[in-house]
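The structure appears below as structure tokens.
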Protein chains: 2
Amino acid sequence: MPADPAPNAFYAQSGGVTAVINASAAGVINTAALFPEKIGQVYAGQNGILGALREELIDISRESEASIQGLMTTPSGAFGSCRYKLKGIDENRAEYERLIEVFKAHNIRYFFYNGGGDSADTCQKVSEIGERLGFPLQAIHVPKTIDNDLPFTDNCPGFGSVAKYVALSTREAAFDIASMCATSTKVFILEVMGRHAGWIAGAAGLASRSEAEAPHIILFPEIAFEEERFLAKVKETVEKFGFCVIVASEGTQTADGQLLSGSTSRDAFGHVQLGGLAPKLANIIKQAHGYKYHWAVADYLQRAARHIASQTDLEQAYSLGEAAVNLAMAGKNALMPTIVRVSDEPYEWKVGTAPLDEVANQEKMMPRSFFSDDGYGITEEARRYFQPLIMGEAYPNYQDGLPHYVTLDRHLAPKKLPPDNRW
Amino acid sequence: MPADPAPNAFYAQSGGVTAVINASAAGVINTAALFPEKIGQVYAGQNGILGALREELIDISRESEASIQGLMTTPSGAFGSCRYKLKGIDENRAEYERLIEVFKAHNIRYFFYNGGGDSADTCQKVSEIGERLGFPLQAIHVPKTIDNDLPFTDNCPGFGSVAKYVALSTREAAFDIASMCATSTKVFILEVMGRHAGWIAGAAGLASRSEAEAPHIILFPEIAFEEERFLAKVKETVEKFGFCVIVASEGTQTADGQLLSGSTSRDAFGHVQLGGLAPKLANIIKQAHGYKYHWAVADYLQRAARHIASQTDLEQAYSLGEAAVNLAMAGKNALMPTIVRVSDEPYEWKVGTAPLDEVANQEKMMPRSFFSDDGYGITEEARRYFQPLIMGEAYPNYQDGLPHYVTLDRHLAPKKLPPDNRW
């Protein structure tokens, strides 16, 4: 008499993707393979949780070995991610019931959800509803966010690589301007991500090792933007060093909470002209001081920059995927594996855990002690925090002069349920 | 009786800098050192030709060996560049006379000028005026421009690295959008440099190996922008592939020569809002189709990206610096060493020469045969041209997680002339 087949696992990617989220997927997949008696298949949701709602389950066993290995060096969400926040159980119970229906049909008892704060919340709810509907699941959240704003974990996978890209790009652009400023560009502005917390902009501070070195000014969402004080600092910097490099968080705002990038206007064709913080700042400076400027907006380039991913970040992303499976195998539920810093230098860290009901929907802001007195830079304490996160260059392979990134075949498992077009 | 000292050489960087212009400097410096009997010192102009006018001559012999080696892996202009176009000899003879005065005072008989089309013109004029004033110099132009628009040379040092960065960034951003497009961003626009010629945007086409792969649309300065046709192509692409990636040259313009980025407007504070092509395009698309979009403007990041410089580009930059000195040593004057392509695959090239009076002030546009029929992509012929230029990854060394770039000491040679404050 054959034994009951081992239950299956579901893995999905949620929210904005990163340079190393696929390394977490590899951690889940490779570790699950070590427990053939407890885990049957690993299915991945096509386009995140939507894949479960639509019963679009990618059969990972049908991907080639090379593709699975390639996850370690491929940015973005290889299985598709989604921006889709499940409502509360009481508001939309049908959604949760559908998830459980799909999981039941495919004998899925492990739920690994790879995302930020919203998805930690979803993960927690999936765990609860399974219990309530008599189909208990083990739900483990694998943290990921370039915003670095999850609580309990010292840092978040995905952040270290953005931090490295932003610090490196700041340094490179600064070298360019330094060589041009005698007769040309005096001010350069790099706009980076970070709507609510200044972690990414703060990491750019690593590019500077002295007052003279760029970035000379960092603008954080946490520090109210004061135009006069800012303009004075720009002028002082240009007069002292010949040029001024500014790194600005997209969430830079005034004391009354108005985003600097928020104001809109219409151009000659009647099109609404959407701000962009960097051109806005450039223009404020130009009006006041007349300096020639350049600006860059890194946007997706910063979070997709697998070509210069941090080795630390890559290892941590993998380890937390691995830890998620190990936690499930140890019978745990409704947890998130975390990164616990043991020491700054030499940098040591280990995996810890946090209970999901405490993680969900919290944002961790940069501590006040990380901002310099004038609010335009970072402190030594902040440097000690950021420095290890950007260490190591985890280069991908190149083919024809470009990084070789994998695209999965995405064979879907045969559907077992009648069509349901609600999602 | 001591022999007359060997005459000295002057080297200067001109115009917009690149990821590899310092490798050309290294080529000049290292090769000059092989001819101690014919070349005494190599002086570099601090901030380009201004360094000669101001008698601010950097004494390269006082830089450390490590710094000179570091030029190979440091982006930007290590000696300072400048945007300063010498006027015609008849309009401003004093400027040329001053140059000759400084060169005479420092026994400078070799003039190596590292720049684009404008500086080729300057180099030619310096050669002429030296002759006329009875102080003949050998003037050799070392080509450099990310714009890739110099005639006679198959490609220009500096271009290959930008091409690699832009193609790589396009691919990375495309992976990001592909994983988000089911529920989020549908359109991504990367704005790249190129005011008059579409070489840089064209190179982004290497990121795509099939119709489905990004970039789906490239906008070139050479192809008139037609809003309706463009919008139809965007829609068709999103409907077919789920998303659309656009790479746009900053010089994109309509048939009547109006730059798309050119129109200005005022925001709520009364500040003039300067365009930015990428947000303009994003807005046109949003108005027409309602697609969620993201956009990035690479600006200086693209030309300073030494961290992912092309090995081919680096080698060519060095070789043309080397060739310039060898030409001077062979008694040549008013020439520019060029890159001559011998074969596409395997890629082979050699150094040629072009007469400066034919190089100056010409722009080489992308040939019509490089544009696809609809003008939104590149042909196979273009691919064969671009492909070898991005080959190889010439990684710099890293320190504390960031590229280690050198900053020179810039010891100035003692002045020999009375102060002259005209420059």
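The values are calculated or read from the model by the stated rules, or taken from the named source; none is laboratory data. If you're wondering where the values come from, they're calculated on a predicted model, not measured in any experiment. Neighbour counts run over all protein chains shown; Cβ positions are idealised from the backbone, glycine included. Accessible surface is based on the protein model in full, side chains and every heavy atom, while ligands, DNA and RNA are left aside. Shrake-Rupley method; radii C 1.70, N 1.55, O 1.52, S 1.80 Å.
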Open item on the list: Ordered shortest first, which distances in nm separate the 7 Å Cα→C-beta label point of B:ASP4 from those of the other copies?
Closed with: 10.0
- [ ] Give me the percent of DSSP beta bridges within the protein assembly as shown that run antiparallel, rounded to the nearest 5.
- [x] 40 percent
Open item on the list: Threshold 10 Å², probe 1.4 Å: give the residues of segment B:380-398, in number order, that are less accessible with all protein chains present than with their chain alone.
Closed with: B:GLN387, B:ILE390, B:MET391, B:GLU393, B:TYR395, B:TYR398
Open item on the list: Taking A:PRO414 in one copy and the same position in all the others, each labelled 7 Å out along Cα→Cβ, what are the pairwise distances from the first, in nm, shortest first?
Closed with: 9.2
Task: Counting DSSP beta bridges with both ends in segment A:160-303, the antiparallel % (nearest 5) - done: 20 percent
- [ ] Over segment B:159-304, calculate the relative contact order: mean separation of alpha carbon pairs under 8 Å at least 6 apart, over the residue count, as a percent.
- [x] 30 percent
TODO: Output ³J(HN,Hα) for segment A:30-45: one whole-Hz value per residue in order, computed from phi by the Karplus curve 6.51 cos²θ - 1.76 cosθ + 1.60 with θ = phi - 60°, and x for Gly and Pro.
DONE: 5, 6, 4, 5, 7, 10, x, 7, 10, 10, x, 8, 10, 9, 10, x
Open item on the list: If packing is taken as the average count of other Cβ atoms within 10 Å, what order do B:98-108, A:401-411 fall into, highest mean first?
Closed with: B:98-108, A:401-411
Open item on the list: Under 5 Å between amide hydrogens, which residues at least 5 positions from B:ILE108 or on another chain qualify, with H placed 1.01 Å from N in the peptide plane?
Closed with: B:ASN8
Task: Expected 222 nm ellipticity per residue - DSSP helices of 4 or more, -39500 (n - 2.57), all of the protein assembly as shown, to 500 - done: -10000 deg cm²/dmol
- [ ] Could you work out, residue by residue across B:287-300, how many beta carbons of other chains sit within 10 Å of that residue's beta carbon, and then give the average as an integer?
- [x] 5
TODO: Take every residue in peptide A:303-310, count the Cβ atoms of other chains within 10 Å of its Cβ, and give the average of those counts.
DONE: 5
TODO: Sticking to Cα atoms, compute the Rg of segment A:160-303 to one decimal and its Dmax as the biggest Cα-Cα distance, whole number, in Å.
DONE: 14.5, 46
Open item on the list: Leaving ligands and nucleic acids out of the surface, order B:MET336, A:MET329 by accessible area at 1.4 Å, largest first.
Closed with: A:MET329, B:MET336
- [ ] At most 16 other Cβ atoms within 10 Å and a DSSP loop assignment: could you name the chymotrypsin sites (Phe, Trp or Tyr not before Pro) in segment A:271-352 that fit?
- [x] A:TYR347
- [ ] Would you mind listing the distances between the A:ALA66 label point and the same position in each other copy? Use 7 Å along Cα-to-C-beta, nm, one decimal, shortest first.
- [x] 4.3
Open item on the list: How far apart, in nanometres, would the label points at B:ARG93 and B:GLU358 be if each is projected 7 angstrom from Cα along the Cα-to-Cβ direction?
Closed with: 3.1 nm
Open item on the list: Within 10 Å of each Cβ in B:10-16, how many Cβ atoms from other chains are there, averaged over the peptide?
Closed with: 1
TODO: Convert each backbone phi in segment A:220-234 into a coupling constant with the Karplus relation 6.51 cos²θ - 1.76 cosθ + 1.60 (shift: θ = phi - 60°), then list the ³J(HN,Hα) values in order as whole Hz, x for Gly and Pro.
DONE: 10, x, 6, 10, 4, 6, 10, 4, 5, 5, 4, 4, 5, 5, 4
- [ ] List the residues of segment B:164-196 whose accessible area drops by at least 40 Å² when all protein chains are present, compared with their chain alone, using a 1.4 Å probe and counting only protein heavy atoms.
- [x] B:LEU168, B:ARG171, B:GLU172, B:PHE175, B:ASP176, B:SER179, B:MET180, B:ALA182, B:THR183
Open item on the list: Taking 8 Å as the Cα distance limit and 6 or more residues as the minimum spacing, I'd like the relative contact order of chain B as a percentage.
Closed with: 23 percent
Open item on the list: Excluding ligands, DNA and RNA, what is the accessible area buried between chains A and B, summed over both sides, using a 1.4 Å probe, to the nearest 100 Å²?
Closed with: 6900 Å²
Task: Carbon plus sulfur fraction of accessible area for the protein assembly as shown, probe 1.4 Å, in percent - done: 48 percent
Task: Two-site FRET efficiency, B:SER343 against B:GLU213, from Cβ-Cβ distance with R₀ of 22 Å, rounded to 0.05 - done: 0.25
Task: Percent RCO, i.e. relative contact order, over segment B:227-377, from Cα pairs under 8 Å lying at least 6 residues apart - done: 10 percent
TODO: Could you go through segment A:93-104 in sequence order and give the Karplus-derived ³J(HN,Hα) for each residue, using 6.51 cos²θ - 1.76 cosθ + 1.60 with θ = phi - 60°, rounded to whole Hz, and x for Gly and Pro?
DONE: 4, 4, 5, 5, 5, 5, 4, 5, 4, 5, 5, 4
- [ ] Just the ratio, please: alpha-carbon radius of gyration of the protein assembly as shown over 2.2 N^0.38 Å, N its number of residues.
- [x] 1.00
TODO: Can you list which of the GluC sites (Glu not before Pro) found in segment B:1-57 are DSSP loop residues with at most 14 other C-beta atoms within 10 Å?
DONE: B:GLU37
TODO: Set the Förster radius R0 to 56 Å, insert the Cβ-Cβ distance between A:ARG62 and A:ALA255 as r into 1/(1 + (r/R0)^6), and round the FRET efficiency to 0.05.
DONE: 0.50
Task: Violating pairs (Cα-Cα greater than 25 angstrom) within the set A:LYS292/B:LYS85; B:LYS164/B:LYS350; A:LYS240/A:LYS292; A:LYS104/A:LYS125 - done: none
- [ ] Taking H placed 1.01 Å from N in the peptide plane, check which residues at least 5 places from A:TRP295 or on another chain put their amide H under 5 Å from its amide H.
- [x] A:ILE189
TODO: With a cut-off of at most 12 other beta carbons within 10 Å, and DSSP calling the residue loop, which GluC sites (Glu not before Pro) in segment A:143-226 qualify? Please list them.
DONE: A:GLU211
Task: Separation between Cα centres of segment A:17-57 and segment B:72-113, rounded to whole Å - done: 62 Å
Open item on the list: Quick query: amide H of A:ALA354 versus all other amide H atoms, modeled in the peptide plane; which residues come in under 5 Å with a sequence gap of 5 or more or a different chain?
Closed with: A:MET336, A:THR338
Task: Solvent-accessible area per residue, Å², over the protein assembly as shown with all protein chains present [probe radius 1.4 Å] - done: 35 Å²
